[in-house]
Amino acid sequence: MDGNGRWANAQGKVRVKGHKKGMDVARETVENCARAGVKVLTLFAFSSENWKRPEDEVSYLMGLFIEGLSREAKSLLKNNIKIQVIGERSQLSKKLQKAIHKAEQLTQGCDQMVLNIATNYGGRWDIVNATKNIAKQVLEGTLSLDDIDEQGFSDNTCLSDLADPDLFIRTGGEHRISNFLIWQLAYSELYFTDLLWPDFNKDALEDAFFAYSSRQRRFGQTGEQVISRVTSQKMPQNISHVKTKGED
């Protein structure tokens, strides 16, 4: 979800107009992914580094998030889409925390697709937080050092209840993951496009799907082993979109 500000500048508009357009595109992307059969979609809305932006822009983004949650929650419920927000919530306003809780409670029983919104999130924060949780369990005697493994670590991250992403999409022309889902993206297919987020439409999404379907996912195996494996799934089931820290 990168490029809102640059899109606005190119249009001769103020940056906040780009964020407003970006939210509209996010809504369309959720709808398109749901129709395509995607089971999990994670959008990077606001990183833990985004607090460094101008105060008025941050305030606008927070207000836009509250507005979006309030407006879209019933639509998500109608379309059987569960929403959950990942990230450190303590820094968010009480009003935003309340809006998040209300939307999550309303859609908690939905099971067609899971929509994760990463807000005040950072991949390093997620790893540190998981490490603290594990250390606490060891100190309390509920977990031994010998029991700590990759799966156990994953179980303590923000997305512990979901499979790792199949496909990572980044708009805006940058070729990096910018502190997003560092642990979870270990074997994800990475797709980069020069399109700015407000220009990311259904055709662009289908281009990403096509690129994914043409790749060979080896997971440490040889090409011959992969070819011999019967694989029916050519559509990504778990997708992540990244918005970077103040580079749009």
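Being hydrophobic (A, V, I, L, M, F, W, C), in a loop (DSSP other than H, G, I, E, B) and at pLDDT 95 or above is true for just one of Val30, Val38. Which residue is that? One residue alone meets the criteria, Val38. Scanning the range 73-87 for residues that are part of a strand (DSSP E or B) and in contact with a Ser or Thr (Cβ under 6 Å, 6 or more places away or on another chain) yields Lys82, Ile83, Val85. Consider Ala36 against the criteria (1) under 21 Å from Thr171 (Cβ atoms); (2) of a type outside the set (Val, Ile, Thr); (3) without any contact (Cβ under 8 Å) to a residue 60 or more places away in the chain; (4) surrounded by fewer than 18 Cβ atoms within 10 Å (Cβ to Cβ): it satisfies all of them except one. Which criterion is unmet? Here Ala36 clears every test but (3). For the range 88-109, the set of residues classified as within 16 Å of Leu69 (Cα to Cα) and part of a loop (DSSP other than H, G, I, E, B) consists of Arg89, Leu92, Ser93, Gln108, listed by residue number.
Within the range 41-72, the set of residues being out of contact with any strand residue (DSSP E or B) (no Cβ under 6 Å at 6 or more places or on another chain) and not in a helix (DSSP H, G or I) comprises Ser47, Glu49, Arg53, Pro54. Restricting attention to the range 52-106 and to residues that are exposed (fewer than 13 other Cβ atoms within 10 Å of the Cβ) and touching a residue at least 40 places away in the same chain (Cβ under 8 Å), the residue that is farthest from Leu159 (Cα to Cα) turns out to be Lys52.
The values are calculated or read from the model by the stated rules, or taken from the named source; none is laboratory data. For clarity, every value in this text was computed on a predicted model and none was experimentally measured. Because the Cβ atoms are built from the backbone with ideal geometry, glycine has one as well, and the counts that use them run over all protein chains shown.
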